1. List the trypsin sites (Lys or Arg not before Pro) within the stretch 552-582 that DSSP assigns to loop and that have no more than 10 neighbouring Cβ atoms inside 10 Å.
2. Taking only Cα atoms, what is the 0 to 90° angle, nearest 10, from helix 378-405's long axis to the longest principal axis of the chain?
3. How much length would be gained if the chain were fully extended between VAL65 and LYS177, taking 0.36 nm per residue of separation minus their Cα-Cα distance, in nm to one decimal?
4. Sorting check: for 486-492, 62-68, 363-369, which peptide has the highest mean count of neighbouring beta carbons within 10 Å, and how do the rest follow?
5. So if I place +1 on the C-beta of Lys and Arg and -1 on the C-beta of Asp and Glu, and nothing else carries charge, what would the dipole magnitude of the stretch 77-142 be about its Cα centre? I want it in debye, nearest 20.
6. Could you sort 195-205, 495-505 so that the peptide with the highest average Cβ count within 10 Å comes first and the rest follow in order?
7. Given R₀ = 25 Å, what would the calculated FRET efficiency be for GLU120 paired with SER165, taking r from the Cβ atoms and rounding to 0.05?
8. Taking the structure as given and computing Kirkwood radius over Cα pairs in Å, which label from (i) 26.3; (ii) 27.5; (iii) 28.5 fits?
Amino acid sequence: MSDTNTFHEGVIMIRGKGTGFVNHPDLTEDIIIERENLGFALDGDIVKVELKKKVPGKRQEGAVVAVVKAAYRELIGVIKEKKVEGKSVFFFLPDNLRLHIKPLVPTATPNDLGMKVVVEITSWTQSLLDPIAAITETIGHAGDHETEMQAIIRSGGFSKEFPESVQKAAQELFATKEKIFADAIADPKRRDIRGITTMTIDPVDAKDFDDALSCQVLSNGNIEVGIHIADVSHYVRDHDGIDEEARERATSVYLVDRVIPMLPEILSNDLFSLRPNEDRLSFSAIFELTPDARIVNEWYGQTIMHSDKRFSYEEAQEVLTTQNGPYLAELNILMDLGRKLRQKRYAAGAIAFESSEIKFELDERGAPVRVFKKERVETMLMIEDFMLLANREVATHIYNLSKNSGKDLAFVYRIHDTPNPDKVEELGLFLRAIGYEFETHKGTVKATTINKLLKEVAGKPEENLIKTASIRTMAKAVYSTKNIGHFGLAFKFYTHFTSPIRRYPDLMSHRMLRKHLDGSFIGPKEVAEYERMSIKSSQREMEAVTAERDSIKFKQVEYLMNKIGETFTGVITGVTDWGIYVQESTCLADGMVRLASIKSDYFTHEASQYRIKGQKTGKVYRLGDTVTVKLIAADKEARQLDFELVA
């Protein structure tokens, strides 16, 4: 690396007790930044880093010299008390465990203890000392349902409420819907497909319908399948007020009890939503498929559609299972084609990751009264098959347009890099240690090897553990204007086109596809903006996933609080020097068994074997083992569970 590359800007991730990592495109590993070199950076900040002189054989080190853009305007957590020289000192403990600071709050009082609060840093003069902060808002009592949900939303920088100007713009858009629709119908480029049988198939509680399928058998025996997506880009124009807010949000967020939408609900749940028995504007990918699911013709463009039926996944599945009900012929054709598309995808090397999801039934106060694993019916897979088809073929179409025109046409892709070689070897070591064959070659692994493993563990107690370990080996899928393909799906070209109501990159892909279909040029300035938005959307997606997981974790602990003293079956998911982590089977919650709590023997951690071993008895507990545990403590505020080993 030349001397001119001494400085680098990037997003910092801070882990553990304060070790920072910043990605650098020219380095195979992230730049490492030790605690004393973090400066005033917090996790998620965009920072300027000075690279230190490289030591051979060691990772590239750096030091933060400036925070370019702070990730947090406000911090959310609880006020705690500690004694210093006999006096009470109040400090702030962030909910976000990735924040390594614990600011002092000199203006706090005993009344603030046990409250969830918002603070702002008012003074931070020495980077190695904790800053001073002041309470700007009290959200409510820590542990209360609404308080915790609001804290999760605010911590991620999300908001249920839209600015007044955006609400007004949405109302105005809705008020002029008839004129907008009439103008759209008059557009000769827009195809009218209202005469073709069309349906939506979604979760039973869905309110925004992004996508619909149409199906008709052609005279030559082939099948025309249309994948019709809400035409959000026709209504929401680049850089208007609604668009600017959608850019900031970048995604809808799904918590256990609510949705934080990307677009105002009058638009997402009504005007844009492909509701049954109503004419709607859509953007379509229409394919002529042979009975063996081979594409022989394709068409992309804006359409006018009419959904004849709104199915839930379960309703459509019931029609298929009983072979009785509305639109049986169309559902049979779609299911048959979906299965064939799926088969081809797996044969080409797509990885079949399908993890268990849990759902909570809440009472009127928001307390969980029942927890259950979501049943994955085949109609869910069928819809996924056609959405993947549309996403792949739209991206492939752009590539073909580029090739035929001799130009490098801009687009937003959903990309997924090959797994990190070190992580692949680590996964191989772990799997072989617990008795599974897993063939790797110099840090590379074939998708077929991963699929073989997933089939082997299906239905076994350690299935979730091995799936989770395999997923952690994978790179994260992100958005980019630079295509490198999608490893997990085994697609050379892939985009997100099918959910513009709830994902901003899909809205971008609609706009770009429309320009390419019209032969319009997308200049370098626009491409740079699309790339910035791709990076931001990837970041917001990660923050949304964190919020969703946090809401689930909180409800898992709350559900189990009334079950202290009860025993559970679980699987060991982590082994450390201080204890083992166990995922119990009722609601897939993770808790810890501290080694000090195991009275039968003195256990030591054997890291290379992924196990703990008793010194007197030789008893071994290994990663992936099924164990029986007793729940001895549940801390709702910290979202932590403590178990005791029974067997």
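1. none
2. The helix 378-405 is inclined about 70 degrees to the chain.
3. The span from VAL65 to LYS177 would gain 35.2 nm if fully extended.
4. Top of the packing list down: 486-492, 62-68, 363-369.
5. Values: 7 positive and 7 negative charges, 42 e Å.
The dipole magnitude comes to about 200 debye.
6. So the order, starting with the most tightly packed, is 495-505, 195-205.
7. The computed FRET efficiency comes out at 0.50.
8. This structure yields the entry labelled (ii).
Read-outs: derived from the displayed coordinates by stated rules, not from any lab. Note that this is a predicted model, so its numbers are computed, not measured. Note that we place each Cβ from the backbone using ideal geometry, even for glycine, and neighbour counts take in every protein chain shown.
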